[in-house]
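Okay, so here's the structure we're looking at.
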Amino acid sequence: MQRPGGVTVIAVIDFIAAGLCVIGALLFFAGGSFLTSMFSAAGAEGAGILGGAVAVVGVVILLVGVLAAAIGYGLLKLMNWARILAIIFAAIGALQIIRTLVTLGSMMSVGQIVWQIVFLAYDAWVIWYLLQGKVGQAFTQKAA
């Protein structure tokens, strides 16, 4: 069976997210190095700890990017594990957005709320689309 078009769209978005994560991780690595040198030059204690903490955040972001790329690749190859992970991460993302809107919605700008709703709609669409019978069949027929 041919790969459904929506699966390709989700995979491409995963690859874009992976690229943004790599850029973000590199910025955190550079920022951690900059903060360490800046605070060390000022004679502040714990500069290395601060820089290390920022670098750890960069590593986590990089790992998220690797995972997003792996899911995108798996979706393109119609691997069912990638479909399942995409559904799980979309559900986690949707729940996180709902929590953010409920707890911080009154402090957010209209633009921030709109972007949250756009991402929520995308997550909901990913879950709905990947659970469709014909889409699921594409993954199971590939495995057979």
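A short reminder: the numbers here are calculations on the coordinates, not readings from a lab. Being a predicted model, the structure only gives us computed values, none of them experimental.
Residue separation of Ser109 and Leu131 scaled by 0.36 nm, minus their Cα-Cα distance, works out to 4.6 nm of gained length. Here is the P(r) of the range 23-106: all C-alpha pair distances, binned every 5 Å from 0, give 3, 14, 14, 13, 13, 14, 13, 9, 5, 2, 1 in whole percents. So which DSSP H runs in the chain come out at 18 Å plus along the axis (Cα) with average Kyte-Doolittle of at least 0.5? In the chain, the long hydrophobic H runs are 5-41, 47-76, 80-104, 110-130. Contact order for the range 2-144, expressed relative to its length and based on alpha carbon pairs under 8 Å spaced 6+ residues apart, stands at 28 percent. With equal scatterers on the alpha carbons only and no solvent term, can you work out the Debye log10 of I(q)/I(0) for the range 4-54 at 0.30 1/Å? For the requested q values the scattering log ratios are -0.98.
Could you work out how much longer the chain between Ile98 and Ile84 gets when fully extended? Use 0.36 nm per residue separation minus the Cα distance between them, nm to one decimal. Let's see the in-between values first.
Working: separation 14, 0.36 × 14 = 5.04 nm, distance 2.12 nm.
Between Ile98 and Ile84, full extension yields 2.9 nm more.
Within the chain, the proportion of C-alpha pairs whose separation exceeds 27 Å stands at 39%.
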